[in-house]
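Shown next, in structure tokens, is the structure this report addresses.
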Amino acid sequence: MAQLPVIGALWMEGPLSYLEQLCLKSFVDAGHKVVLYHYGPLENVPEGIELGDANEFLPQTNFLQHERTGSPALHSDLFRYKMLEKSDNVIWADTDAYCMRPFETETGHYFGWESDKHINGGVLGLPKDSDALKALLEFTSDEFSIPSYYGEKYQAELEQKKAEGTPVHASEQPWGVWGPHAVSHFLHQTGEEKYAFPQEVLYPFTFKDRRIMLKRDVDVSPYVTDKTTSVHLYGRRMRMRLIEKEGGAPHPKSFLASLLRKHDIDPAKAPIMTRHKPQLDDSAVKDTAAKDNKAKPSDPAQGLVIGDPAFMARIGLEALKGDKSFGQVAKEFKVDNKLVRACRDRIRDHASDLFVPVDVGGVSASDLMANYIHRRHFLQTANLSAFTPPGSKFLFMKTSKAACSTVMATLIRQMARARGDEGNGVMETLNSVHSPPANLVMSGLKALNEQMIMNALADPDVFKFTVIRDPISRTVSAWADKIDGNEKEKGRLMRYLGRDENSNITLKQFIALLAEDEGARDLDRHWRLQRKETSYDLIDYDYIGLVEEMDAAMEKIVGTCFGTEAAGEIVDTRRTLGHKTKSSELIKTLSAKDLKNLEKAFGPDFEMYEEVKARLSQSAAA
């Protein structure tokens with residue numbers, strides 16, 4: 001049998017976490033020789049891994065980082081191409097690629113589809129005489145190369161910049177310009193994409209499916225088959241999830257934990273590093289609060305109650321009894337009056353959380369709430385059918401500036417019709433559309449609570465859907481409708497910026513602001529990340545539609561909820577209520593710099609949009 005290819009990987013410097021240990025060791029245990037290239041000192045390198053000097057292929061001079069994210073992806077992309085060019089019988093593997101079975105190839109080609117649109121270079125084998133490899137090396141040899149695979153308009157703008165003497169550097173171009181987008185383009189151009197494996201071979205879990213690897217007692221056989229040779233762990237996002245939601249390590253009954261046990265990797269010995277500042281030890285809070293009233297572990301003015309949970313609960317429960325004043329309780333516990341009120345309010349306002357299902361598919365109510373500005377925002381985003389219509393009960397998570405008025409108006413009209421009432425007068429204004437009659441569609445504080453939403457998410461008979469919009473047109477529409485044409489939203493933004501409420505901000509200034517100021521970007525639901533507004537990474541939707549394919553989306557939504565005979569009955573608020581902006585005209589005025597700023601501000605939304613678009617195309621083809 002032919003000798004297995006060498007696996008080459010890159011880790012710039014510093015400690016490896018147990019995730020990188022797992023992936024690298026999985027190749028060793030499968031029989032591969034593994035060389036980990038690096039620039040600086042390393043820690044926690046598993047036994048059996050050989051180390052190599054990364055400068056052998058690509059010196060660390062003029063280190064390449066992406067402008068928007070600071071990611072070293074550009075440098076990593078170029079490194080792998082250089083390594084493949086100068087090495088024999090080698091396959092590149094990202095340090096978040098886990099090996100299920102040995103990698104074998106007769107031609108030297110080894111890569112696979114991540115979606116029906118892109119071939120990912122996370123695992124990449126190309127023979128030294130590959131035309132695609134030569135094209136990749138030639139393209140990346142010029143840091144100001146102009147890609148042809150982002151469309152004629154973008155290419156023309158970069159050509160003009162180059163002619164003017166201000167060429168656009170690769171680090172300022174879209175993420176993936178030297179990575180999966182380039183790999184997909186040149187493999188297609190040379191015809192070498194014919195060697196690409198189906199998705200199940202190297203990328204059985206999509207980005208959205210990645211949380212399945214952390215769920216307990218889940219059968220992964222629909223994903224990991226006898227054809228699967230690698231599993232992509234989505235390193236950065238997986239590390240973030242493990243730190244923020246899993247306590248730093250996966251649940252013992254999860255798929256990821258089973259892999260760790262298989263390779264004898266102990267997460268405690270190589271923990272995931274985090275940039276978060278150390279938190280105050282809660283065990284000290286009680287003594288601090290009792291001994292020094294000035295040292296408050298909380299900010300009651302902001303509704304925050306942070307400290308020893310048991311101590312805070314005792315304060316809140318004592319205040320809830322009602323037989324003592326806030327002052328008396330404060331004196332008894334030696335804390336501030338405001339803290340007593342905050343503890344009382346925290347228990348009172350969140351008592352319903354105690355009766356919400358622990359989680360739905362590993363997601364809790366608290367996980368969902370973290371995506372929204374406040375509780376009211378969350379409950380206003382959710383729209384639940386008040387009764388079962390002819391087709392199916394539904395839960396619609398609306399996204400502002402993504403045809404939500406049209407969807408809501410249609411749902412209300414159809415629900416009214418299902419009750420035998422044509423609903424005359426219920427949609428006379430936009431306000432009535434977004435504050436629907438509770439006997440038709442339940443939304444907001446008065447009609448909904450967390451319990452109802454979690455129950456709907458857990459109910460397989462509830463049709464869960466949302467609609468999203470291209471991030472460029474949505475942002476432009478938000479500016480035209482809510483900043484250029486709305487004093488309320490503009491005034492709020494100006495107050496946030498410390499300016500006079502009557503000040504103006506142009507579209508280009510607005511886009512540049514959102515690219516640099518996270519607070520401004522998160523200020524208003526009309527331009528917040530759709531990924532947050534929809535809880536895209538947390539909710540297992542039955543359907544996600546696109547504004548750009550609205551006819552198909554509404555046919556699917558209405559047909560599912562109200563039956564096929566109702567599918568053509570849509571209420572388009574652009575015509576019935578004049579709810580229309582001039583976004584299409586404004587988009588034509590955007591420059592390459594504006595588009596770059598939009599990508600910087602809404603990178604996660606662009607990723608989500610492409611995933612949904614690809615999924616819809618795949619469904620249509622099937």
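Right, Gly491: over 26 Å from the mean Cα position of the chain (by Cα), without any contact (Cβ under 8 Å) to a residue 60 or more places away in the chain and open to solvent by less than 10 Å² (accessible area, probe 1.4 Å) or not?
Considered against the rule, which asks whether it is over 26 Å from the mean Cα position of the chain (by Cα), without any contact (Cβ under 8 Å) to a residue 60 or more places away in the chain and open to solvent by less than 10 Å² (accessible area, probe 1.4 Å), Gly491 comes out as yes.
Going residue by residue through the stretch 35-52, is there one that turns out to be open to solvent by less than 10 Å² (accessible area, probe 1.4 Å) and aliphatic (A, V, I, L, M)?
yes
Might you check whether a residue that is in a helix (DSSP H, G or I), out of contact with any His (no Cβ under 8 Å at 6 or more places or on another chain) and either farther than 30 Å from Leu317 by Cβ or at pLDDT 85 or above (or both) occurs anywhere in the stretch 434-449?
Yes, the stretch 434-449 contains at least one residue that is in a helix (DSSP H, G or I), out of contact with any His (no Cβ under 8 Å at 6 or more places or on another chain) and either farther than 30 Å from Leu317 by Cβ or at pLDDT 85 or above (or both).
Of the residues that sit in the stretch 6-34 and are small (Gly, Ala, Ser) and out of contact with any Cys (no Cβ under 9 Å at 6 or more places or on another chain), which one is surrounded by the most Cβ atoms within 10 Å (Cβ to Cβ)?
Filtering first and then ranking leaves Gly8.
Kindly provide the set of residues from the stretch 543-571 that are modelled with pLDDT under 95 and not in a helix (DSSP H, G or I), ordered by number.
Gly563, Ala567, Gly568, Glu569, Ile570, Val571
Which residues, taken from the stretch 140-167, are open to solvent by 70 Å² or more (accessible area, probe 1.4 Å) and outside any helix (DSSP H, G or I)?
Ser141, Phe144, Glu164, Thr166
Kindly check whether there is at least one residue in the stretch 520-530 that is modelled with pLDDT of 90 or more, assigned to a helix (DSSP H, G or I), open to solvent by less than 30 Å² (accessible area, probe 1.4 Å) and among the small types (Gly, Ala, Ser).
Within the stretch 520-530, one or more residues are modelled with pLDDT of 90 or more, assigned to a helix (DSSP H, G or I), open to solvent by less than 30 Å² (accessible area, probe 1.4 Å) and among the small types (Gly, Ala, Ser).
Does any residue of the stretch 309-323 turn out to be within 30 Å of Arg211 (Cα to Cα) and at pLDDT below 85?
Within the stretch 309-323 (the criterion being within 30 Å of Arg211 (Cα to Cα) and at pLDDT below 85), the answer is yes, since at least one residue qualifies.
Could you look through the stretch 365-379, keep only residues that are of a type outside the set (D, E, K, R) and open to solvent by 60 Å² or more (accessible area, probe 1.4 Å), and pick out the one that is nearest to the chain's Cα centre (by Cα)?
That would be Ala370.
Working only within the stretch 173-193, note down all residues that are touching a residue at least 40 places away in the same chain (Cβ under 8 Å) and open to solvent by 30 Å² or more (accessible area, probe 1.4 Å).
Trp175, His181, Gln189, Thr190, Glu193
For the stretch 183-195, check the following and say yes or no: at least one residue is under 19 Å from Phe139 (Cα atoms), part of a helix (DSSP H, G or I), touching a Phe, Trp or Tyr at 6+ places or on another chain (Cβ under 6 Å) and assigned by the TED database to the domain that holds Thr107.
Step one: of the stretch 183-195, the residues under 19 Å from Phe139 (Cα atoms) are 183-193.
With the extra rule that they be part of a helix (DSSP H, G or I), the set shrinks to 183-190, 192-193.
Those left that are additionally touching a Phe, Trp or Tyr at 6+ places or on another chain (Cβ under 6 Å): 185.
Now drop any that are not assigned by the TED database to the domain that holds Thr107, which leaves 185.
Looking for residues that are under 19 Å from Phe139 (Cα atoms), part of a helix (DSSP H, G or I), touching a Phe, Trp or Tyr at 6+ places or on another chain (Cβ under 6 Å) and assigned by the TED database to the domain that holds Thr107, one finds at least one in the stretch 183-195, hence yes.
Return yes or no: is Asp481 part of a loop (DSSP other than H, G, I, E, B) and farther than 16 Å from Leu529 by Cβ?
In short, no.
Restricting to the stretch 110-131, what's the tally of residues that are farther than 24 Å from Gln618 by Cβ and either within 23 Å of the chain's Cα centre (by Cα) or in contact (Cβ under 8 Å) with a residue 40 or more places away in the chain (or both)?
Result for the stretch 110-131: 5.
What is the one condition in (1) assigned by the TED database to the domain that holds Lys117; (2) open to solvent by 30 Å² or more (accessible area, probe 1.4 Å) that Ala170 does not satisfy?
(2)
Please work out which one of (1) modelled with pLDDT under 95; (2) buried (at least 19 other Cβ atoms within 10 Å of the Cβ) is the condition Arg236 fails and give its number.
Condition not satisfied by Arg236: (2).
State yes or no: is Gly125 in contact with a Leu (Cβ under 9 Å, 6 or more places away or on another chain) and not β-branched (Val, Ile, Thr)?
Criteria met by Gly125.
Among the residues in the stretch 265-276, are any within 30 Å of Asn44 (Cβ to Cβ), open to solvent by 90 Å² or more (accessible area, probe 1.4 Å) and at pLDDT 90 or above? Full working, then the answer.
Here is the first cut: in the stretch 265-276, the ones within 30 Å of Asn44 (Cβ to Cβ) are 265-276.
Adding the requirement that they be open to solvent by 90 Å² or more (accessible area, probe 1.4 Å) leaves 269, 273, 275-276.
Pick out the ones that are also at pLDDT 90 or above and you get 269.
Yes.
For the stretch 177-208, which positions are of a type in the set (D, E, K, R) and under 26 Å from Glu104 (Cβ atoms)? Working first, answer last.
Residues of the stretch 177-208 that are of a type in the set (D, E, K, R), as a first pass: 192-194, 200, 208.
Across the stretch 177-208, the qualifying residues are Glu192, Glu193, Lys194, Glu200.
For Leu137, all conditions in the list (1) in contact with a Phe, Trp or Tyr (Cβ under 7 Å, 6 or more places away or on another chain); (2) surrounded by fewer than 19 Cβ atoms within 10 Å (Cβ to Cβ); (3) not in a helix (DSSP H, G or I); (4) not small (Gly, Ala, Ser) hold save one; what is the number of the exception?
Failed condition: (3).
Taking the condition of being assigned to a helix (DSSP H, G or I) and either within 16 Å of His377 (Cα to Cα) or open to solvent by less than 10 Å² (accessible area, probe 1.4 Å) (or both), how many residues in the stretch 450-476 meet it? First the steps, then the outcome.
Residues of the stretch 450-476 that are assigned to a helix (DSSP H, G or I), as a first pass: 450-458, 471-476.
In the following step, the residues that additionally are either within 16 Å of His377 (Cα to Cα) or open to solvent by less than 10 Å² (accessible area, probe 1.4 Å) (or both) were identified as 450-454, 456, 471, 474-476.
Number of matching residues: 10.
When the stretch 97-134 is examined, which residues are found to be crowded, with 20+ Cβ neighbours inside 10 Å and among the acidic types (Asp, Glu)?
Residue satisfying the conditions is Glu114 alone.
The values are calculated or read from the model by the stated rules, or taken from the named source; none is laboratory data. What you see is a predicted model, and the numbers here were worked out from it, not measured in a lab. Quick reminder, even Gly has a Cβ in these numbers, built from the backbone with ideal geometry, and neighbours come from all protein chains shown. Note: accessible area is taken over every heavy atom of the protein model, side chains too, but ligands, DNA and RNA are not part of it. Shrake-Rupley method; radii C 1.70, N 1.55, O 1.52, S 1.80 Å.
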